[in-house]
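Accompanying notes for the structure given below.
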Amino acid sequence: MTEKRDKYTKYEKARIIGARALQIAAGAPVLIRTEEIDPIEIAMEEFESGNIPITVKRKK
Amino acid sequence: MVMQTKGEVTKELTRAGVEQEIAELIGDEFMLAELTAGLDGLLDSKEVEEGCAEDIIRMAGREEEGEIKLGDIELKVNESEIPKRIKDELKEKLRAIRIELNNEKLNAILNGVAEKYNKSKVVPREAVGIVAAQSIGEPGTQMSIPFFEKIIIKIDNQIRIMPIGEFVDKLMDTYRVERVNETEICDLPSNVQVKVPSLNELGKIEWKGLISCSRHDYPKKLIHIKTRSGRKIIATDNHSFVIRKDNRILPISGKELKPKDRIPVIKNLPLDDSLRSLEISNYLPKDEWWYGSELKKALDPLLGFSYTIPVGPDQLLNHIKQSNTFEVLDGFVYPYQTHSMGKIPECLKLDPMLGWFLGAYLSEGSVSRYAVNISNTDEAFLSKEREFAKSLNLDYREKDNYRDFARGHDLSMSSRVLVEFLERTCGKGSKGKRVPMFAYSSDEAFIGSLLRGYFDGDGNISVERKVIRASSRSKELIDGIALLLSRIGIFARKSTQGGEYWLSISYRYAERFKEKIGFDTPEKVKRLIELCQIQPESSYDVIEMIPGIGQSLKVLARKVGLPTRLVNNFTKRQRIGRTTLERYARLFEKEARDKGININQELALFRQMLEEDVIWDEIIEIQYAKPGGKVYDLSVEGLETFATGEGVITHNTLRTFHYAGVGAIYITLGLPRIIEVVDARKKPSTPAMKIKLTGEYARNRNKAEELAREIEKTYIRDIKSEIYVSRKDMSVWVSLREKELKRRHIEKEEVKEKIEGMDSDVHVEEAEDGKLRIQVPNKSYQELRKLEKEVNNLSVKGIEGIMRGIVRRENEGDGEYMLYTEGSALKKVRGIEGVDFSRTTTNNIAEIADVLGIEAARNAIIDEMMNTLEEQGLDVDVRHVTLIADAMTMDGEVKSIGRHGLAGGKVSVLSRAAFEVTVDNLLDAAMYGETEELKGVTENVIVGQPIKLGTGAIELVARGGQ
């Protein structure tokens, strides 16, 4: 099982942000300080700052 | 190097020389190095070979302001929105004129071309498929007209009207006829020039050459079309006609025509070279009438020994003895019996005087054995008659008559010769008169005066009804007058009433009538002037409508800023009256001028519409007529239309693929062809090959023809005249047609051998009468009958599968010869001498896959589809087609797209079920215990999961840390 770290494809990015936004919208604790109120925006900020606890598992 | 500066161009250039020259001109070493680098390519290119020294210097050296480089052209053309096939040609042309281009001009050219292309593109939703679908021709789907329908043809500059059947039958008796299934086709040899009036896209009539004609039996029904102007045409129901739609002139099948559609009828028939004079000997033979010139030859042996006179040599002596009572002048024609007066010149000039006289005769004339009598009471008319008589030195007598209800006046001219001439050219009697054939080919002045004489006699003008009318009991005469009127651009309406045939000319043509024809009778002259003064503004002419105007009026109205509701009516009904259109054209022009808008293009279109040589005649009735007899068709070059005797324009063949001009081979086009390719059909419905030839065969037409005969499949049944079993000697007799054997280059020996080759104990011998006797020992009668059938179907020559071969040249007069065949047999033609296999192609994809491999098949699929699409005017990028071709051939064989191939080969059950035959697929899957892995798109959509592509291709996991 290898984790991807360097660069995500646009699909991966979209997926990650989407999944995180879902979690946030369902009430999960937010991992950064932000002024935003929209779950997607919050998730995007988390992503930019590298603070999302989700990553992609590369298929073998 | 031999190179003079400026002005002189030589062919001999060396690189060093050019460099030196440039160096001198620019004197800059650095620049020189750069330039010479660029010269490399140039010097090798064609430019150098052509010797354009000047060019090179200019190109490489001083780059003038905005001059275009080759690379620029390439780039700009590629960028523009022009389809590929035009791009290549355009690039070539631009390269050739590159010197004169600059950025501005180049852009203008590219824009112009792109615009023109877009304009001519098929509009979305136009039923391209339907026109294409009808082109699946079984070669027997002939579009034809029956025997008696007259057509207009021109032979040696003489216009003739004759029934098409008569014309084609005569051609087929004279020239070679080919049989294709049920149809007989005769290609006209190139030295025979027959022309027909043809309608071009601008609505103008052009005389185009006839390429071939055909005939066949037609068991189905015929349609009988009647138009509002009184014209009729009878044709098979898939005969193609021509209509106007969206400002284009398009073919349409007779089946699709309905009342209210408008078909073109000739309004103006042009003729370049007209007939000036007439040789009487064409009508009155020299062995029945005295010709002064012939007598002169008889009397003076110095003038030649051969002469034709109506008497024998002994009687000639008698005549000479009586020379003081009988004088035959040179250059005149005399009757056989009575001499002296009544002679007419051997060569009659077709001048207005004669024309008028003929017209007068047609209207009010009659003949007795020795005199021509024309009755009229009008003094102007009579004085013209007298003038004519005097011009020919004819005796005439005048007297009043009380035949009819009022007083009439007769003028009789005595001339046996003239009487006979009139009878033969114009006919006699109220039902038998007709316009003489030579009149159609004469000049406008002659025709004008003929019509004048006719209308002065029989015509009448009604100012209240706004028409000029004439009637006759002879239909042929009325038809002829109508056609003559079309020679000077006047359109007449025809009708029938109680045994009388009527002709009426609308007041709208009064001005033209006055100009070209006119009257002598003062009363008629007066009324004609009154007619001319009627204003056409207020009324609307049902016949003179231009149909199929598309959106042009609406677009133009918008452009000049006028409300479109003005023209909505016309756009909705898709027709506009001619005078109305003129009015609107003037209105738009004024508006545009006032507002400074350029509408020259649209106006040009209107001009063109107004100047068409045809009237779009409304169909008022279509009926079915009883079939019977043969039907005929003509193949016309280029425009593919011809005209009937009444001036109705008809199209010859509906979108058959014309191989370099002649509709001889039929190929499936359009949508059906695409379906064939995509379905990976093993055998296309019209297999065809294009065989390129090698060496001598490609250069020499005869050799090419020879090759064509060699590979064309011939069976005994094609060359036999009869085959039967004879009980007497228990053998099969075959007699062959010599003509066919010769035409196909087959020897009787070959036939014999082939038959003997059928079986070891078959024995053939030739009888004295040329028939072949086939004997097989110990055979019963029944077995012999079977043998007869086998022999009938025996192949004698040629390759199995090749039905017909046609030799065609590449470009018009240049280029190599190649062979187009109906039928495909790639493997077999390979070894034939003369065939260049590396350049031969077929449209049978399965065959290509078999013989040349799967990659070749892939390319063939791409070619076939691209050609079909482009041919229909559809611009599809090659990538889409490439994708299909790749998908079809990826497994090493040609798979179809449908449920037997690609779609059906899918592993996923749901995917197959969703495609076709749903229940069967599900049942079978259940039965065999198949598993659905939900890997593809379709099945995931069905179950409602995200697809395994894009965002769905990613598997997320939680990350440790934080």
On the given criteria, is B:GLY898 away from chain A (no Cβ under 14 Å) and either among the hydroxyl-bearing types (Ser, Thr, Tyr) or assigned to a loop (DSSP other than H, G, I, E, B) (or both)? yes
Just one listed residue, out of B:ALA470, B:ALA492, is closer than 27 Å to B:ARG160 by Cα and at pLDDT 90 or above, and it is B:ALA470
Here is a check on your reading of the model: is B:ASN393 farther than 22 Å from B:SER472 by Cβ and of a type in the set (S, T, N, Q)? yes
Out of curiosity, is B:ARG369 out of contact with any strand residue (DSSP E or B) (no Cβ under 9 Å at 6 or more places or on another chain) and of a type in the set (Lys, Arg)? yes
Looking only at the stretch B:277-286, decide whether some residue is of a type outside the set (S, T, N, Q) and without any contact (Cβ under 8 Å) to a residue 60 or more places away in the chain. yes
Of those in the stretch B:559-597 that are small (Gly, Ala, Ser) and in contact (Cβ under 8 Å) with a residue 12 or more places away in the chain, the residue nearest to B:ASP246 (Cα to Cα) is B:GLY577
Kindly indicate the residue of the stretch B:377-402 that is part of a loop (DSSP other than H, G, I, E, B) and touching a Gly at 6+ places or on another chain (Cβ under 8 Å) and also nearest to B:LEU354 (Cα to Cα) among those meeting that condition. B:LEU394
Considering (1) under 49 Å from the mean Cα position of the chain (by Cα); (2) closer than 22 Å to B:GLY429 by Cβ; (3) surrounded by 13 or more Cβ atoms within 10 Å (Cβ to Cβ); (4) not β-branched (Val, Ile, Thr), say which one B:ARG386 fails and leave the rest. (2)
Quickly run through the stretch B:409-455 and pick out the residues that are surrounded by fewer than 23 Cβ atoms within 10 Å (Cβ to Cβ) and of a type in the set (S, T, N, Q). B:SER412, B:SER414, B:THR425, B:SER430, B:SER441
In the stretch B:253-286, what count of residues is obtained for those that are at pLDDT below 80, of a type in the set (D, E, K, R) and not in a loop (DSSP other than H, G, I, E, B)? 2
Select, from B:VAL881, B:VAL876, the only residue that is within 22 Å of B:ILE675 (Cα to Cα), at pLDDT 90 or above, in contact with a Leu (Cβ under 7 Å, 6 or more places away or on another chain) and away from chain A (no Cβ under 14 Å). B:VAL876
Residue list for the stretch B:288-328, restricted to those being at pLDDT 75 or above and under 17 Å from B:LEU418 (Cα atoms): B:GLU288, B:TRP289, B:TRP290, B:TYR291, B:GLY292
What do you reckon, is B:ILE806 in contact with a Phe, Trp or Tyr (Cβ under 6 Å, 6 or more places away or on another chain), on the phi < 0 side of the Ramachandran plot and surrounded by 16 or more Cβ atoms within 10 Å (Cβ to Cβ)? yes
Take the stretch B:226-266 and flag every residue that is surrounded by 19 or more Cβ atoms within 10 Å (Cβ to Cβ), in contact with a Gly (Cβ under 8 Å, 6 or more places away or on another chain), farther than 18 Å from B:ARG575 by Cα and not aromatic (Phe, Trp, Tyr). B:ARG231, B:ALA235, B:THR236, B:HIS239, B:SER240, B:ILE266
For the stretch B:706-812, give me every one of the strands (runs of 3 or more DSSP E) that falls completely inside it and has 1 or more residues that are β-branched (Val, Ile, Thr) and more than 33 Å from the chain's Cα centre (by Cα). B:720-726, B:731-736, B:763-766, B:772-775, B:795-797
Of the residues A:ALA43, A:ALA14, A:ALA21, which is at pLDDT 90 or above, facing chain B (nearest Cβ under 10 Å) and assigned to a helix (DSSP H, G or I)? A:ALA14
In the stretch A:26-49, residues that are of a type outside the set (Val, Ile, Thr), under 13 Å from the mean Cα position of the chain (by Cα) and within 19 Å of A:LYS13 (Cα to Cα) total 10
Of the residues in the stretch B:901-934 that are at pLDDT 90 or above and outside any helix (DSSP H, G or I), the one that is nearest to B:GLU676 (Cα to Cα) is B:SER908
Any chance you could count how many residues in the stretch B:936-951 are within 14 Å of chain A (Cβ to nearest Cβ), under 57 Å from the mean Cα position of the chain (by Cα) and in a helix (DSSP H, G or I)? 1
Only one of B:GLY898, B:GLY834, B:GLY823 is touching a residue at least 40 places away in the same chain (Cβ under 8 Å), under 29 Å from B:ILE942 (Cβ atoms) and of a type outside the set (Lys, Arg). Can you tell me which? B:GLY898
Subset tally (residues that are at negative phi, touching a residue at least 40 places away in the same chain (Cβ under 8 Å) and not in a helix (DSSP H, G or I)) for the stretch B:856-895: 6
Where in the stretch B:78-182 are there strands (runs of 3 or more DSSP E), lying wholly inside it, with at least 2 residues that are modelled with pLDDT under 80 and either out of contact with any His (no Cβ under 6 Å at 6 or more places or on another chain) or surrounded by 13 or more Cβ atoms within 10 Å (Cβ to Cβ) (or both)? B:177-180
Within the bounds of the stretch B:914-935, is there any residue that is under 30 Å from A:LYS57 (Cα atoms) and within 14 Å of another protein chain (Cβ to nearest Cβ)? yes
Checking the structure you have, find out if any residue of the stretch B:664-680 is modelled with pLDDT of 85 or more and part of a loop (DSSP other than H, G, I, E, B). yes
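The values are calculated or read from the model by the stated rules, or taken from the named source; none is laboratory data. Every value quoted in this text rests on a predicted model; they were computed, and no experiment measured them. Don't worry about glycine lacking a Cβ; one is built from the backbone with ideal geometry, like all the others, and counts go over all protein chains shown.
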